[in-house]
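The values are calculated or read from the model by the stated rules, or taken from the named source; none is laboratory data. Everything numeric here is computed off the predicted structure, so don't read it as measured data. Cβ placement follows ideal geometry from the backbone for every residue including glycine, while neighbour counts extend to all protein chains displayed. When the accessible area is computed, the model is the full protein with side chains, heavy atoms only, and any ligands, DNA or RNA have been set aside. Shrake-Rupley method; radii C 1.70, N 1.55, O 1.52, S 1.80 Å.
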Amino acid sequence: MSKETENPTIVFVTGNKMKLREVKAILGNEYEVVNHKYDLPEIQGSTDEVTIEKCRTAAEIVKGPVIVEDTWLGFNAMNGLPGAYIKWFYQSIGCEGLYKMLAGFEDKGAVAGCTFGYCEGPGHPVQLFRGEVDGTIVSPTGEETFGWNPVFKPNGFEQTYAEMDDDVKNSISHRYKACMKLRDFLQEKARQK
């Protein structure tokens, strides 16, 4: 983070423009979010393992503080799968395929999750910040402009993420919850300086 600007700068390493847009919207004017796109390796493992490895690698490339993010979607009927591999499932079978994966199951429940990783720089430990939202997998509804949003309907809402106004989604989503924990950590860190 930079001390020269009025708002601290966060280097967010992602190639996903939609994630970048949401993080900027969630953090508002508190931080200057700068994006760097690098092809970071995605190891096989848990969401935490994937996020830690991506964050360590990004900190080595940037040579300073960075954040990375990993999103997952777990189906209750499948004991949390596809989980951290949702990106690959979505790219292979799309939203309709994700919905059909649960055709033989009564339980259509799911958990959407997001984990942010923060690293101060090369050699420093990675801090993790998680957010989760319970919901239901439904037939795709809404525009398919951002991943699996058309099949995930959060509990307590009548709309899928894809149908929601951005302001509503960004105030209740798994990414919002994780991002708020990251923001609180960064604010506390700044106060301690």
Can you pull a Stokes-Einstein diffusion coefficient for the stretch 31-70 at 25 °C (0.890 mPa s), Rh from Kirkwood over Cα pairs, as a whole number of µm²/s? 230 µm²/s
What is the set of long-range amide H partners of Leu81 at a cut-off below 5 Å, with H atoms built 1.01 Å from backbone N? Phe75
FRET efficiency, Glu143 to Asp48 (Cβ-Cβ, R0 30 Å, nearest 0.05): 0.45
Just going by the charge dipole of the stretch 9-192, with Lys and Arg at +1 and Asp and Glu at -1 on Cβ, which of Leu128, Ile43, Val66 is farthest out on the positive end? Val66
Report, in whole Å, the centroid distance computed from the Cα atoms of the stretch 51-101 and the stretch 109-131. 12 Å
Stretch gain in nm, segment Glu120-Lys100, where the contour uses 0.36 nm per residue and the Cα spacing is subtracted: 3.0 nm
Could you work out how far apart the two model spin labels at Asp39 and Asp167 are, taking each label as a point 7 Å from the Cα in the direction of the beta carbon, and quote it in nm? 4.0 nm
Provide the three semi-axes, in whole Å and in decreasing order, of the ellipsoid equivalent to the chain as defined by the square roots of 5 times the Cα gyration tensor eigenvalues. 30, 18, 14
Over all directions, the average projected area of the alpha-carbon convex hull for the stretch 49-97 comes to how many nm²? 4.2 nm²
Plugging the Cβ-Cβ distance of Glu158 and Lys63 into 1/(1 + (r/R0)^6) at R0 = 41 Å yields, to the nearest 0.05, a FRET efficiency of 0.30
Check Val33: other-chain or 5+ apart residues with amide H under 5 Å from its amide H, H built from backbone geometry? Ile10
Order Asp48, Asp39, most accessible first, counting only protein heavy atoms with a 1.4 angstrom probe. Asp39, Asp48
Rounded accessible area of Val133 (nearest 10 Å², 1.4 Å probe): 10 Å²
To the nearest 20 Debye, how big is the dipole of the stretch 48-185 about its Cα centre, given +1 on the beta carbon of each Lys and Arg and -1 on that of each Asp and Glu? 300 debye
Please list Ile86, Ile172 in order of solvent-accessible area, largest first, computed with a 1.4 Å probe with all protein chains present. Ile172, Ile86
For the stretch 1-89, rounded, prolate or oblate, judged on the Cα gyration tensor with a ≥ b ≥ c (square roots of eigenvalues), a/c < 1.5 rounded, else prolate if a/b > b/c? prolate
Just reorder Asp107, Asp70 by solvent-accessible area, largest first, 1.4 Å probe, all chains present. Asp107, Asp70
Kindly report, to the nearest 10 Å², the accessible surface of Tyr85 as traced by a 1.4 Å probe over protein heavy atoms only. 80 Å²
Taking 0.36 nm per residue of separation and subtracting the Cα-Cα distance, what length does fully extending Thr9 through Arg21 add? 2.8 nm
